[in-house]
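Participant: Below are the structure tokens for one structure; questions will follow.
Values in this text are rule-based calculations from the coordinates and carry no lab data. Here the structure is a predicted model, which is why all the values come from computation and not from measurement. Please note: Cβ atoms are built from the backbone with ideal geometry, for glycine as well, and neighbour counts cover all protein chains shown.
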Amino acid sequence: MPHASRLALLETMMLIRAHEERLARTPARRPAPAPPSAREAAAAGVMAALQPRDRILTNHRSAGHLLARGAEPGRLMAEIMGRATACRGKSGSLHVSAKELGVVLTSTIVGGELSLAPAWHWPRRWAAQAPRPAASPP
């Protein structure tokens, strides 16, 4: 892996850690997210391996995935704090979504995204492969 790529991964991991540490120091107005977990490398590595067209369904500790995918830290923090400038998820840190980044949804159930991924993908694949009706003659 080129030096620039390794440096970019390190910067992403440091951003994720700084975000989690900031959350840990923030007085909770909602259920507080889990403290820093040392999973920065997994989030940074997985997101670096994906293509922009790839869609993501992730777990309840999704902040690292979103930051590694390019989410703006301020909007993500606003989501967790319930502010108007948020990403527009459904439940603070638990259900963050950023469709513009390909983050379809997050699940609070450990491993829940494994069953949701096929359910999300199948109708889209089917619709793309469905035969188109023939045009009627004028």
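Participant: If you rank 116, 101 by fewest surrounding Cβ atoms within 10 Å, what's the result?
Facilitator: 116, 101
Participant: Quick check on the exposure proxy: order 121, 3, 19, 65 from fewest to most C-beta atoms within 10 angstrom.
Facilitator: With the fewest neighbours first, 121, 3, 19, 65 line up as 3, 121, 19, 65.
Participant: Another question, if that's okay. Could you work out the local net charge near residue 121, counting Lys and Arg as +1, Asp and Glu as -1, over the other residues with Cβ closer than 14 Å to its Cβ? All intermediate terms of the calculation are to be shown ahead of the outcome.
Facilitator: Working: positive: 53, 55, 124, 125; negative: 54, 113.
Taking every Cβ under 14 Å from that of residue 121, the sum is +2.
Participant: Which value in nm describes the separation of the simple spin-label points at residue 119 and residue 95, placed 7 Å from the Cα toward the beta carbon?
Facilitator: Using points 7 Å along Cα→Cβ, the separation is 1.3 nm.
Participant: Would you mind getting me the FRET efficiency between residue 24 and residue 48? Use the beta-carbon distance for r and R0 = 35 Å, nearest 0.05.
Facilitator: Details: r = 25 Å, r/R0 = 0.72.
In this case the efficiency is close to 0.90.
Participant: Please report 72, 113, 79 as a ranked list, fewest other C-beta atoms within 10 angstrom at the top and most at the bottom.
Facilitator: Working: 72 14, 113 19, 79 25.
Fewest-to-most Cβ neighbours within 10 Å comes out as 72, 113, 79.
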